[in-house]
1. Would you mind checking which residues have amide H under 5 Å from R176's amide H? H placed 1.01 Å from N; only 5 or more apart, or other chain.
2. For Cα extents along the principal axes in Å, one of (1) 88, 32, 29; (2) 45, 37, 30; (3) 66, 42, 37 was computed from the structure I shared and the rest are decoys. Which label?
3. Say we join alpha carbon atoms closer than 10 Å with springs in a Gaussian network model of the chain; which of N134, N182, N124 then has the biggest fluctuation?
4. Separation of segment 60-84 and segment 141-174 by C-alpha centroid, Å?
5. Given labels modelled 7 Å from the Cα in the Cβ direction, how far is it in nm from S132 to T88?
6. Given the rule -39500 (n - 2.57) for each run of at least 4 DSSP H residues, summed and divided by the residues of the chain, what is its mean residue ellipticity at 222 nm, to the nearest 500 deg cm²/dmol?
7. To test your reading of the geometry: what angle, between 0 and 90 degrees and rounded to tens, separates the Cα axis of helix 60-78 from the longest principal axis of the chain?
8. Could you check the spin-label model distance between L143 and E173? Points 7 Å from the Cα along Cα→Cβ, value in nm.
Amino acid sequence: AFTTGGFFGTEYGPMNLPYPEQAVQSVQPPKGMEPGRFSNRYRHFKKLIDQNPDREKISDFQRESMVRSMESAHRLLQSKEKKAFDLTLEPKESYEAYDTGRFGRGCLLARRLVEAGARCVTLNFGRWDFHSQNFSEAKNTHLPYFDQGLAALIEDLDTRGLSDDVAVIAWGEFGRTPKINNNAGRDLWPQVGGGLIAGGGFR
């Protein structure tokens, strides 16, 4: 889902990434963009903002927040930390431990980003609305992918000495009935839901 920084400003909005294996493309300048040309574009952008403060119908706060957001993006595109987005740099055995589809690779990317200094990473693994076929579709796709990817992330953080500093939180949008319906599924049950918290120094 697309979200913004809201009242905090553009600089606090998320950096929305494509699929994990394509994330590294999000921190690369366009093809053929030389470093000098890239820097010139950024310099001209700042000049336009500074010389035309009333061009955009936004407040001073919004404009300053947008500029700080652009400065952060500019620093990232020139930094060594952007290597964290490149899953091909991960050792083969580590990559294989997570490689249960896009969710597993997303967990691996999350670990790399946290190691590089990201304060918060969110993964989306949708379409859990199984009102039927829980014992075939959910069992053979979502559940093993989720279990292995999340377990690999928690174990990896612990092995690397990060489990006390990084909280892993997993939850869904809705509870499910404890009773299986006639279609071998479970229906919505807002009275209660489940979640998982690991690490973060919590007892």
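All of the numbers you see were taken from the coordinates with simple rules; none came from a lab. From a predicted model like this one, the values you see are computed outputs, not experimental measurements. Virtual Cβ from ideal backbone geometry, glycine too; neighbours counted across all protein chains shown.
1. Amide H to amide H, under 5 Å and 5 or more residues apart or across chains, R176 pairs with W189.
2. Computed from the coordinates, Cα extents along the principal axes in Å corresponds to (3).
3. Largest GNM mean-square fluctuation: N182.
4. So the separation of the two Cα centres works out to 29 Å.
5. 4.3 nm
6. Values: 5 runs with 74 residues, N = 203.
Helices in the chain give a 222 nm mean residue ellipticity of -12000 deg cm²/dmol.
7. 80 degrees
8. Label-label distance for L143 and E173, simple model: 2.3 nm.
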